[in-house]
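Shown next, in structure tokens, is the structure this report addresses.
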Amino acid sequence: MNVEVKFFTSLREITGKKVDEIQLQKVITVEELLNLLSEKYGKKFTEHVYDKKGKVHGFLSFLVNGKNINVLQGFDTELKQGDVIAILPPVGGG
């Protein structure tokens, strides 16, 4: 099973990629995907995504197929074949 992860701004610099296609052996959740990406990309990725207590930073937004995970099942949202996950930075306006 494959899912596609899109990175923006700082995470793009940390990973060196705009998009990463991740091959999975089983259905996983968004939370499990973040753990997998932390293992793959290391300390800088982990520090950007998680606070010192291990919680995901509130300034990041996560979309699965264009829908915010907050309107799905949050970090327990299960990923399916072909899903596209976007990790978005804070958005400013003015």
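Roughly how far apart, in whole Å, are the Cα centres of region 67-86 and region 22-66? Taking the Cα centre of each part, region 67-86 and region 22-66 sit 12 Å apart.
Straight-line cross-link partners of Lys26 among the lysines, defined as a Cα under 27 Å from its Cα and at least 8 positions apart when in the same chain: Lys6, Lys17, Lys18, Lys40, Lys43, Lys44, Lys55, Lys67, Lys80. Compute a Gaussian network model of the chain, connecting alpha carbons closer than 10 Å, and tell me which residue from Asp83, Asp20, Asp51 fluctuates the most. Between Asp83, Asp20, Asp51, it is Asp51 that shows the largest mean-square fluctuation.
In region 7-40, which residues have a backbone nitrogen under 17 Å from the label point lying 7 Å from Phe75's Cα in the Cα-to-Cβ direction? Residues 28-40 fall inside that zone. If both residues of a DSSP beta bridge must be in the chain, then about 75% of such bridges are antiparallel.
Between Val49, Val71, Val84, the residue with the greatest mean-square fluctuation in the GNM of the chain (Cα pairs under 10 Å linked by springs) is Val71. Mind grabbing the base-10 log of I(q)/I(0) for the chain at q = 0.15, 0.20, 0.24 Å⁻¹? Debye formula, identical points on the C-alpha positions, no solvent, two decimal places. Once normalised to I(0) and log-transformed, intensities are -0.54, -1.00, -1.49.
Computed extension gain for Lys67 through Lys52, at 0.36 nm per residue and net of the alpha carbon distance, reaches 2.7 nm. Computed over protein heavy atoms with a 1.4 Å probe, the carbon and sulfur contribution to the accessible area of the chain reaches 50%. Among residues other than Ile87 with Cβ under 15 Å from its Cβ, the summed charge is -1 (Lys and Arg +1, Asp and Glu -1). Computed over the chain with a Gaussian network model linking Cα atoms closer than 10 Å, the most mobile of Phe45, Phe59, Phe75 is Phe59. Structural descriptor for the chain: relative contact order 40 percent, calculated from alpha carbon pairs under 8 angstrom and at least 6 residues apart.
Note on Thr9 and Leu88: the extension gain reaches 27.6 nm, defined as 0.36 nm multiplied by sequence separation minus the Cα-Cα distance.
Note on the chain: helix-only mean residue ellipticity at 222 nm, from DSSP H runs of 4+ residues weighted -39500 (n - 2.57) and normalised by residue number, equals -7500 deg cm²/dmol.
The values are calculated or read from the model by the stated rules, or taken from the named source; none is laboratory data. All values reported here derive from a predicted model rather than from experimental measurement. Glycine gets a Cβ as well: all are built from the backbone with ideal geometry, and neighbour counts include every protein chain shown. Surface accessibility is based on the protein's heavy atoms, side chains included, excluding ligands, DNA and RNA. Shrake-Rupley method; radii C 1.70, N 1.55, O 1.52, S 1.80 Å.
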